[in-house]
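These notes concern the structure reproduced below.
The values are calculated or read from the model by the stated rules, or taken from the named source; none is laboratory data. What you see is a predicted model, and the numbers here were worked out from it, not measured in a lab. Every residue, glycine as well, gets a Cβ built from its backbone with ideal geometry; the counts of neighbours run over all protein chains shown.
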Amino acid sequence: WHRASRHPLQPACKHVRAQHAQAGSLNAITNTAAPSNAEEQGRLAGKNVAIKDNITTSSLPTTAASGILSTHVSPFEATVVRLLRQNGATITSTTNLDEFGMGSHSQHSVHGPVLSPFTRDGIPLSPGGSSGGSAVAVASGQCWTALGTDTGGSVRLPAAYVGVVGFKPSYGLLSRWGVIQYANSLDTVGVLARSVGDVREVFEVLNQHDARDPTSLPDSVRQRVTSSRSERQDHKGKALRIGIPLDYNITSLAPSIRKTYTTLLTTLQSQGHTLHPIHLPTTRLALSAYYVLAPAEASSNLAKYDGIRYGQRSTTATADASPAEKLPLYAATRAEGFGEEVKRRILLGAYTLMSEARDNYFLQAQKVRRLVQRDFDRVFAAPNPLLDAGGHDIGEGEREEDVVDVLLTPTAPTLPPTVEEVQRSSPVESYMNDVFTVPASLAGLPAASVPVALPEAVREGLGEGDVRSVGMQVIGQFGDDELVLRAAEVIE
Ligand code: GLN
């Protein structure tokens with residue numbers, strides 16, 4: 001393989017100007033495979049796919065953009081990568097990300113920050129994160145499609161920021177075997193592409209049970225989901241009942257986003273689709289719950305990187321220290337190997353799992369997660385196939401009168417900030433970008449971000465290099481992945 005030119009420990013450049021609009025200088029790629037002359041057969045023959053660098057490939061290193069895995073080459077390959085190859089796809093490269101998937105702007109990487117091909121006043125915009133490298137690789141034509149991972153929005157947010165399609169399937173449909181864990185109850189493999197049709201091609205190849213992933217949905221459940229769907233009316237070509245979550249109309253929604261959203265809603269209505277205002281009252285708690293649960297799982301998942309079982313061992317502490325001195329090796333390895341944001345998440349997670357804090361944080365957040373799921377079950381016409389016969393554990397009286405097929409929301413509350421604005425912002429300000437994406441993650445629902453052109457009036461106020469589209473998010477009931485893709489095609 002060929003390692004991207006930036007030295008892994010080179011610090012993030014502080015004032016990157018935009019003369020580097022060329023693909024290579026966007027730093028989307030971490031490693032490139034040597035070209036192969038093999039004649040591939042299969043549905044994806046001749047298609048180049050890039051893989052987020054936290055999904056193992058045996059042909060290229062898998063670093064998760066972390067110093068602690070900077071020399072790691074996996075002895076095995078993720079199931080999703082194996083399926084791509086079996087269907088004839090060529091794995092061309094691995095893509096840059098926020099370390100272990102923790103971030104919203106792809107700036108926290110041992111390989112240096114990723115830059116969007118778009119600029120504002122000459123300054124590169126944030127590509128979104130954490131799958132920013134995958135999104136930029138797709139947007140700049142460095143691959144046909146790319147795989148990403150989405151724990152709280154990491155496929156959808158970068159797709160929105162660089163103007164491509166990003167799809168996070170229902171939790172448990174795509175195998176996580178060989179995917180480096182961040183928060184395993186939320187981690188989902190997703191697909192980024194320039195069209196919904198391309199997303200579907202990749203999704204269909206990957207959508208199958210994997211006995212190696214204990215959370216992969218077994219065939220019996222997949223069949224139940226399919227049959228519960230075919231009993232319902234076939235939506236092909238039919239008008240969609242579109243839910244508009246009133247709770248997403250937050251004051252911090254940028255006017256440009258609101259304008260694009262309302263223009264799109266008017267268009268959809270004129271095409272015969274119906275709009276239904278609905279309430280998801282727990283939405284306002286979802287972000288806080290996510291930022292308790294995800295770091296808690298992360299602190300546990302990342303405990304294995306100790307320089308002994310896993311991870312690049314510290315160079316300043318030695319393994320043959322006496323037992324009393326073992327802690328320095330462990331501590332030094334983690335202090336040297338992890339970046340600041342990852343350390344912050346580990347500390348946050350360790351705190352909320354402490355016996356004194358658990359009841360107030362971790363357990364409360366789990367309750368909120370359950371309420372978020374119920375909010376969704378109340379508004380979808382389709383019952384949740386994961387719940388017992390009859391489909392939902394909600395009292396009849398609790399159910400909304402006006403049930404819907406899909407929900408439509410903006411993917412992010414603002415247009416992408418510049419990388420300089422990101423550097424000036426606090427961690428909590430970065431977390432705010434995920435406010436619209438985390439609810440579907442907490443409930444394990446399928447969701448897609450689709451680029452929608454900014455209305456003329458908004459575009460006039462923008463500079464030459466700026467983004468021309470806004471990401472709009474379609475969310476469906478669990479298992480309604482195909483319906484989400486169909487609705488995404490209506491909007492595209
Ligand atoms: N920005 C969110 C986080 O940092 C989501 C990341 C993701 O989906 N991997 O946790």
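Things worth noting here:
- Residues satisfying the stated conditions in segment 467-481, i.e. charged (D, E, K, R) and crowded, with 18+ Cβ neighbours inside 10 Å: D480, D481
- Residue in segment 162-169 that is buried (at least 24 other Cβ atoms within 10 Å of the Cβ) and in a helix (DSSP H, G or I) present: yes
- Segment 132-161, residues that are within 12 Å of the ligand (Cβ to nearest atom), in a loop (DSSP other than H, G, I, E, B) and either at pLDDT below 95 or of a type in the set (G, A, S) (or both): G152, G153, S154
- In segment 203-219, the residues that are surrounded by 15 or more Cβ atoms within 10 Å (Cβ to Cβ) and farther than 22 Å from Q181 by Cβ: V205
- Residues satisfying the stated conditions in segment 368-382, i.e. surrounded by fewer than 19 Cβ atoms within 10 Å (Cβ to Cβ) and either part of a loop (DSSP other than H, G, I, E, B) or assigned by TED's automatic domain parsing to the domain that holds L445 (or both): A381
- E464 fulfils the conditions (1) at pLDDT below 95; (2) crowded, with 23+ Cβ neighbours inside 10 Å except for a single criterion, (2).
- Cβ-Cβ under 6 Å pairs, at least 6 apart or on other chains, segment 283-305 side outside the structural domain of I68 (by TED's automatic domain parsing), far side more than 15 Å from the ligand (Cβ to nearest atom) and of a type in the set (G, A, S): S299/A350; Y305/G311
- Residues satisfying the stated conditions in segment 432-468, i.e. assigned to a loop (DSSP other than H, G, I, E, B) and farther than 15 Å from T411 by Cβ: G444, P455, G461, L462, G463, E464, G465, D466, R468
- Qualifying residues in segment 70-123 (those that are over 19 Å from E420 (Cα atoms) and of a type in the set (G, A, S)) - the one nearest to the ligand (Cβ to nearest atom): G101
- The C-beta contact set for segment 180-196 (first residue assigned by TED's automatic domain parsing to the domain that holds S441 and modelled with pLDDT of 95 or more, second residue among the aliphatic types (A, V, I, L, M) and part of a loop (DSSP other than H, G, I, E, B), distance under 6 angstrom, 6+ apart or interchain) comprises I180/A64; V189/L174; G190/V155; L192/V164; R194/V164.
- If you filter segment 423-448 down to residues that are of a type in the set (S, T, Y) and more than 12 Å from the ligand (Cβ to nearest atom), you find that the one that is farthest from V292 (Cα to Cα) is S425.
- Number of residues in segment 184-229 that are hydroxyl-bearing (S, T, Y) and within 30 Å of G349 (Cβ to Cβ): the value is 4.
- When segment 264-284 is limited to residues that are surrounded by 18 or more Cβ atoms within 10 Å (Cβ to Cβ) and part of a helix (DSSP H, G or I), the one that is nearest to the chain's Cα centre (by Cα) turns out to be T283.
- Considering the conditions (1) out of contact with any Ser or Thr (no Cβ under 9 Å at 6 or more places or on another chain); (2) exposed (fewer than 13 other Cβ atoms within 10 Å of the Cβ), R222 is excluded by exactly one of them, (2).
- Residues (within 30 Å of G337 (Cα to Cα), touching a strand residue (DSSP E or B) at 6+ places or on another chain (Cβ under 9 Å) and surrounded by fewer than 17 Cβ atoms within 10 Å (Cβ to Cβ)) located in segment 20-58: H20, A23, T32, A34
- Answer residue from segment 171-210, given it is aromatic (F, W, Y) and within 21 Å of T226 (Cα to Cα) and is nearest to the ligand (Cβ to nearest atom) among those: Y171
- Condition check for G129: surrounded by fewer than 24 Cβ atoms within 10 Å (Cβ to Cβ), among the small types (G, A, S) and either away from the ligand (no atom under 16 Å from the Cβ) or outside any helix (DSSP H, G or I) (or both): no
- In segment 342-357, of all residues being under 23 Å from the mean Cα position of the chain (by Cα) and surrounded by fewer than 17 Cβ atoms within 10 Å (Cβ to Cβ), the one that is nearest to the ligand (Cβ to nearest atom) corresponds to R344.
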